[in-house]
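Only one structure is covered here, and it is reproduced in the block below.
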Amino acid sequence: MNKNLWKNSDKIGHQQNSMFGLGLRQPHHRHVLQNNPAVDFFEVHTENFIAEGGASLDFLEKISALYPLSFHCVGISLGSASGLDKKHLKNIKNLLDRFKPILFSDHLSWSNSKKSGTANDLLPIPYNQESLQIFCDNVSRAQDFFGREILVENPSAYLEFEDSKISEVDFLNEISRKTECGILLDINNIFVSAENFSFDAEKYLNEIDVDKIKEIHLAGHSVYKYKEEKIRIDTHSTHICDEVLALYKNFVKKNRQKIPVLVEWDEEIPEFEVLFNEMKKVQSLS
């Protein structure tokens, strides 16, 4: 890995003052342009803008002239054992070169295989040495190709592999250590996974390498029940719950770093004012 290609790229992280942003979704494009709300940055799902032309790309061009952007990917498939899709990487790099986002991220997951094609989901990986090597190799290749740092986001978990030998937080820390990638810390995902599998969310937050965290995500989730069983799903379709807000408040109080914070809301999207107020609530806890 040639770290010199990207080690001096823009790194926001905790080196700057706190920034508070919102996920930018299509129903709010026009509102943002017309009202210029007091948001520090907007985050978009990168794959939504790969197609050339169209109204969405035009809106993004106009919004990028007013606000810093963060690009959040769902399809690089960093955990894929069959390697990375070069065409997809080129499409993303074209957008990175065009819009120059301040942050750039994907997930601790996989979604693409040469044998089975592309899954429209973020699929889990076992936490063992073999998967760690595959993931690190892919992150290193991607960072060299893009010429910049990637942030890797912790997932929400709904199953566990029997051959997982490493805790998720240690796995993520080791990826960051080996590849010098950043960490996107999703506190809602930690809470969802902790509730689904009965582990201590506070312990996870105490063990994550805070110096590598360059962005924090907060979102709402849904609770489903079947007989005596209960599962939490990371739906991004409601307000951030009190427990997640408490975890966030305690985390920033302990660490004091100025890390960019993003509020997500992707399903059952409300009026922009609802999202804005959610962001202001988070800001008041910081």
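The values are calculated or read from the model by the stated rules, or taken from the named source; none is laboratory data. Note that this is a predicted model, so its numbers are computed, not measured. We place every Cβ from the backbone using ideal geometry, glycine too, and count neighbours over all the protein chains shown.
Summary table
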quantity: Test: residue in segment 236-252 that is within 28 Å of Ser140 (Cβ to Cβ) and within 18 Å of the chain's Cα centre (by Cα); calculated: no
quantity: Candidate set: segment 188-232, residues that are charged (D, E, K, R) and either in a helix (DSSP H, G or I) or in contact with a Cys (Cβ under 7 Å, 6 or more places away or on another chain) (or both); chosen: the one nearest to Asp170 (Cα to Cα); calculated: Glu207
quantity: Looking only at segment 11-63, and only at residues there that are within 18 Å of Asp186 (Cβ to Cβ) and surrounded by fewer than 17 Cβ atoms within 10 Å (Cβ to Cβ), the one that is modelled with the highest pLDDT; calculated: His45
quantity: Qualifying residues in segment 269-279 (those that are more than 20 Å from the chain's Cα centre (by Cα) and charged (D, E, K, R)) - the one nearest to Ile102 (Cα to Cα); calculated: Glu273
quantity: Which numbered condition Trp6 fails, given (1) within 20 Å of Cys136 (Cα to Cα); (2) modelled with pLDDT of 95 or more; (3) surrounded by 18 or more Cβ atoms within 10 Å (Cβ to Cβ); calculated: (2)
quantity: Matching option when the condition is in contact with an Asp or Glu (Cβ under 8 Å, 6 or more places away or on another chain), touching a residue at least 40 places away in the same chain (Cβ under 8 Å) and aliphatic (A, V, I, L, M), among Val139, Val152; calculated: Val152
quantity: Tally, over segment 79-92, of residues that are touching a Phe, Trp or Tyr at 6+ places or on another chain (Cβ under 6 Å) and of a type outside the set (S, T, N, Q); calculated: 2
quantity: Conditions (1) modelled with pLDDT of 95 or more; (2) out of contact with any Phe, Trp or Tyr (no Cβ under 6 Å at 6 or more places or on another chain): number failed by Asn255; calculated: (1)
quantity: Some residue of segment 136-150 being modelled with pLDDT of 95 or more, crowded, with 16+ Cβ neighbours inside 10 Å and in contact with a His (Cβ under 7 Å, 6 or more places away or on another chain); calculated: no
quantity: Per-region count, segment 258-286, residues surrounded by fewer than 21 Cβ atoms within 10 Å (Cβ to Cβ), within 20 Å of Phe71 (Cβ to Cβ) and β-branched (Val, Ile, Thr); calculated: 1
quantity: Residue within segment 96-114 that is modelled with pLDDT of 95 or more, part of a strand (DSSP E or B) and of a type in the set (Asp, Glu) present; calculated: yes
quantity: Failed criterion for Glu130 (all others in (1) more than 23 Å from Ile190 (Cα to Cα); (2) in contact (Cβ under 8 Å) with a residue 60 or more places away in the chain hold); calculated: (2)
quantity: Selected residue [touching a residue at least 40 places away in the same chain (Cβ under 8 Å), of a type in the set (A, V, I, L, M, F, W, C) and in contact with a Lys or Arg (Cβ under 9 Å, 6 or more places away or on another chain)] from Phe251, Phe191, Phe197; calculated: Phe191
quantity: Filtered residue count, segment 233-264, keeping only those that are assigned to a strand (DSSP E or B) and among the aromatic types (Phe, Trp, Tyr); calculated: 0
